[in-house]
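Peer 1: One structure is given below, represented as structure tokens, and several questions about it will come after.
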Amino acid sequence: MENRATVRAAFIAVTTLFFAWGFITSLIDPLVAAVKGIFTLSNTEAQLSASAFFIAYAVISFPAAVLIARVKAVPAILVALTTMVVACLIMLGAANIANYSLVLLGLFVLASGITILQVAANPLAAALGDPRFSHFRLTLAQTFNSFGTFIGPYLGAVLFLEGLEVKEGTVVTDAVRQNALLGIDRAYFWICGLLILLLVFFFLSRKTVAAAAPEAPPAKGIGAMIADAVSSKWCLLGGAAIFLYVGAEVAIGTQMALFLNDDAIWGVTLEEAGKAVSFYWGGAMVGRAIGSLLLAKFDAAKLLAIFTAIACAMVLYVVSVGGISAGYVALSIGLFNSIMFPVIFTLTLERSTASEQATSGFLCTSIVGGAALPPLVGLLSDNIGLVMALLLPAACYALLCVFAIKAGKVSPIRRSEVEAFH
């Protein structure tokens with residue numbers, strides 16, 4: 001490991017990646033509402049947009065871990081950014097020919113690049129510095145990720161949802177449909193340009209990051225890595241926790257605009273509802289900033305137990321009370337989602353007997369919860385209503401609270417010497 005200045009510069013460079021994938025991922029929320037109107041879809045069909053995006057984590061995570069082990073983190077990050085540029089070009093094509101299948105393909109390719117970034121950057125951010133503050137560093141990096149997720153839904157709503165309505169009985173005119181498709185085209189055109197700039201920036205920063213990055217072990221095959229991961233009880237538990245957390249967070253986020261648009265909640269226009277979704281992700285940004293400070297002083301497992309219990313209680317309030325107040329409470333859930341991903345990730349890394357390479361790959365694979373649970377919530381919405389469908393995320397938060405309590409009773413095996421790649 002080089003001097004502190006080099007490590008700090010490397011951490012800053014890696015943190016830019018967190019912002020980029022946060023912004024891009026959060027565009028899924030207004031996009032789900034937009035494609036529902038553009039292509040006249042049911043809630044379940046519209047949620048396939050989230051599934052197409054998050055299924056990439058199940059397909060790509062372990063191959064990404066092998067890639068990172070073989071070519072090192074920095075070249076893998078450059079491959080990831082290049083993949084994301086290609087994905088944006090696919091999205092531009094999809095918007096111009098109005099093809100939903102091509103939208104799903106573009107989202108899958110885009111998420112494939114982001115998956116490689118996640119597998120590389122999460123353990124890298126945790127490892128760039130004193131091991132005692134790995135929770136703090138990863139949560140701080142995730143705060144910048146949350147800044148991206150805060151501005152993404154607002155801009156997406158402005159671009160995708162102007163004049164678009166999806167309530168039963170409304171008709172989407174050709175002019176409104178074309179305007180929404182033009183908004184999608186504009187969004188991914190600018191994202192493509194920004195990704196190219198980020199690719200250049202990271203290429204120029206590659207030596208700094210490579211100098212500060214921990215040494216990687218010899219590469220393992222995918223089969224050996226999976227076997228390593230599933231041999232650890234805590235790797236499996238952590239994977240289940242990530243699955244539930246991402247599934248709950250994404251299901252709530254992608255349903256939020258439709259939820260607030262409902263006459264039983266706020267009844268505002270779909271565009272205004274889409275803009276309000278920014279506060280859901282903004283809460284996560286504020287929570288991570290505060291959580292970074294709390295995690296430097298208080299036990300991570302206890303904080304996770306408290307945050308998951310509060311999130312569960314808030315969802316139950318939304319389901320049982322409804323009305324205008326339920327809309328505000330639903331948006332506030334993001335505040336308590338804030339520390340969940342980084343803390344689950346680092347608690348698992350500390351307790352897993354599998355290599356960190358395999359553990360990180362398995363945890364990123366488990367982000368597929370974002371593909372599995374939103375369509376289930378969409379299916380519930382089509383059958384029992386948008387509000388009652390939130391009982392599924394409530395159950396997820398309850399199980400996460402159990403995970404946190406259990407983790408708090410088990411001593412870490414890696415805290416004093418967290419290896420970036422075991």
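Peer 1: Find the helices (runs of 4 or more DSSP H) located wholly in the range 1-100 whose residues include 3 or more that are among the β-branched types (V, I, T), and list them.
Peer 2: Details: elements: 4-26, 28-38, 43-46, 48-71, 73-97.
So the answer is 4-26, 28-38, 48-71, 73-97.
Peer 1: Right, next: Would a scan of the range 93-112 turn up a residue that is within 30 Å of I290 (Cα to Cα) and crowded, with 23+ Cβ neighbours inside 10 Å?
Peer 2: Yes, there is a match, as at least one residue in the range 93-112 is within 30 Å of I290 (Cα to Cα) and crowded, with 23+ Cβ neighbours inside 10 Å.
Peer 1: Here is a further query. Could we say that L295 is within 24 Å of L161 (Cβ to Cβ) and either acidic (D, E) or surrounded by 22 or more Cβ atoms within 10 Å (Cβ to Cβ) (or both) here?
Peer 2: no
Peer 1: May I ask you to say which residue of A227, A211 is modelled with pLDDT under 95 and out of contact with any Ser or Thr (no Cβ under 7 Å at 6 or more places or on another chain)?
Peer 2: After applying the criteria, what remains is A227.
Peer 1: List pairs: first in the range 62-89 and among the basic types (K, R), second part of a helix (DSSP H, G or I) and buried (at least 24 other Cβ atoms within 10 Å of the Cβ), Cβ under 9 Å, 6+ apart or cross-chain?
Peer 2: Between residues of the range 62-89 that are among the basic types (K, R) and residues that are part of a helix (DSSP H, G or I) and buried (at least 24 other Cβ atoms within 10 Å of the Cβ), there is no close pair.
Peer 1: Would you check if there is a residue in the range 288-304 being within 26 Å of L155 (Cβ to Cβ), among the hydrophobic types (A, V, I, L, M, F, W, C) and touching a residue at least 24 places away in the same chain (Cβ under 8 Å)?
Peer 2: yes
Peer 1: Need at least 2 residues that are without any contact (Cβ under 8 Å) to a residue 12 or more places away in the chain and over 25 Å from I55 (Cβ atoms) per element, so show me which helices (runs of 4 or more DSSP H) inside the range 141-253 make the cut, counting only ones lying wholly within it.
Peer 2: Helices (runs of 4 or more DSSP H) meeting the threshold: 174-204.
Peer 1: Can you tell me which residue among K275, K220 is closer than 16 Å to A358 by Cβ and out of contact with any Leu (no Cβ under 7 Å at 6 or more places or on another chain)?
Peer 2: That would be K220, the only listed residue that is closer than 16 Å to A358 by Cβ and out of contact with any Leu (no Cβ under 7 Å at 6 or more places or on another chain).
Peer 1: Is there a residue in the range 340-352 that is farther than 20 Å from A127 by Cα and at pLDDT 90 or above?
Peer 2: Taking every residue of the range 340-352 in turn, none turns out to be farther than 20 Å from A127 by Cα and at pLDDT 90 or above.
Peer 1: If only one of S26, S42 is under 24 Å from G385 (Cβ atoms) and at pLDDT below 95, which one is it?
Peer 2: Exactly one of S26, S42 is under 24 Å from G385 (Cβ atoms) and at pLDDT below 95, namely S42.
Peer 1: Hey, does the range 68-81 have a residue that's touching a Leu at 6+ places or on another chain (Cβ under 9 Å) and among the β-branched types (V, I, T)? Walk me through how you get there before you give the answer.
Peer 2: As a first pass, look at the range 68-81 and keep what is touching a Leu at 6+ places or on another chain (Cβ under 9 Å): 73, 75-81.
Adding the requirement that they be among the β-branched types (V, I, T) leaves 77, 79.
Yes, the conditions are met somewhere in the range 68-81.
Peer 1: Just need a number here: residues in the range 58-74 that are in contact with a Lys or Arg (Cβ under 8 Å, 6 or more places away or on another chain) and not β-branched (V, I, T). Break it down into steps so the answer makes sense when it comes.
Peer 2: Going residue by residue through the range 58-74, those that are in contact with a Lys or Arg (Cβ under 8 Å, 6 or more places away or on another chain) are 66, 69, 74.
Imposing the further condition that a residue be not β-branched (V, I, T) reduces the set to 69.
Number satisfying all stated conditions: 1.
Peer 1: Separate question: Which one of these is in a helix (DSSP H, G or I), in contact with a His (Cβ under 9 Å, 6 or more places away or on another chain) and not hydroxyl-bearing (S, T, Y): V343, V319, V329, V315? Before you say what the answer is, go through the steps one by one.
Peer 2: Numbers: V319 fails: in contact with a His (Cβ under 9 Å, 6 or more places away or on another chain); V329 fails: in contact with a His (Cβ under 9 Å, 6 or more places away or on another chain); V315 fails: in contact with a His (Cβ under 9 Å, 6 or more places away or on another chain).
The conditions single out V343.
Peer 1: Residue under question is F259, and the condition is that it be touching a residue at least 24 places away in the same chain (Cβ under 8 Å) and either surrounded by fewer than 17 Cβ atoms within 10 Å (Cβ to Cβ) or closer than 22 Å to L331 by Cβ (or both); does it hold?
Peer 2: The answer is yes for F259.
Peer 1: G267 - would you say it is on the phi > 0 side of the Ramachandran plot and either out of contact with any strand residue (DSSP E or B) (no Cβ under 9 Å at 6 or more places or on another chain) or in a helix (DSSP H, G or I) (or both)?
Peer 2: Here the answer is yes, as G267 does meet what is asked.
The values are calculated or read from the model by the stated rules, or taken from the named source; none is laboratory data. Just so it is clear, the model here is predicted, and its values are computed rather than measured. When we count neighbours, we look across all protein chains shown, and the Cβ atoms used for this are built from the backbone with ideal geometry, even at glycine.
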